[in-house]
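Before we start, here is the structure in question, set down as structure tokens.
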Amino acid sequence: TNVARHAKASRVQVHLGQEDGQLVVEITDDGMGFDQSIIGQPGHYGLVGMRERARLAGGRLEIISQPQAGTRLRMVLPEESPA
């Protein structure tokens, strides 16, 4: 949804894989990117929520973006989420 609403990307790639016994989901776009300092500011909570959901599942969300350079989200989750 974020890519469709904000990125103005012409290309999006989704990769699902496994590394070291963990599930890895990567979403990369060639859109306009953004300044990461806006994460968590008023009106910019979507990525905060994604990061929190990854944490609650025992994983992590890495966000790599710069203005005019696209965005890459990499979520790494354990094969089994914590009980």
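The values are calculated or read from the model by the stated rules, or taken from the named source; none is laboratory data. All values derive from a computational prediction rather than experimental measurement. Here the Cβ is made from the backbone with ideal geometry for all residues, glycine too, and neighbour counts use every protein chain on show.
Could you say whether any residue in segment 40-61 is assigned to a strand (DSSP E or B) and on the phi < 0 side of the Ramachandran plot? Steps first, please.
Taking segment 40-61 and keeping what is assigned to a strand (DSSP E or B), we get 60-61.
Right, trim to on the phi < 0 side of the Ramachandran plot and you get 60-61.
Yes: one or more hits.
Which numbered condition in (1) under 13 Å from the mean Cα position of the chain (by Cα); (2) under 17 Å from Gln68 (Cα atoms) is the only one that Asp35 fails?
The number of the failed condition is (1).
Would you check which residues across segment 1-24 are of a type in the set (Gly, Ala, Ser), surrounded by 11 or more Cβ atoms within 10 Å (Cβ to Cβ) and at pLDDT 90 or above and list them?
Ala9
Say we look at segment 38-58 and pick out the residues that are within 16 Å of Ile27 (Cα to Cα) and touching a residue at least 24 places away in the same chain (Cβ under 8 Å); which of these is surrounded by the fewest Cβ atoms within 10 Å (Cβ to Cβ)?
Here the residue is Gly46.
Please determine whether any residue of segment 10-29 is among the aliphatic types (A, V, I, L, M), assigned to a loop (DSSP other than H, G, I, E, B) and on the phi < 0 side of the Ramachandran plot. Give the steps one after another, and end with the answer.
Narrowing segment 10-29 to residues among the aliphatic types (A, V, I, L, M): 12, 14, 16, 23-25, 27.
Next, only the ones that are assigned to a loop (DSSP other than H, G, I, E, B) stay: none.
There is no residue in segment 10-29 that is among the aliphatic types (A, V, I, L, M), assigned to a loop (DSSP other than H, G, I, E, B) and on the phi < 0 side of the Ramachandran plot.
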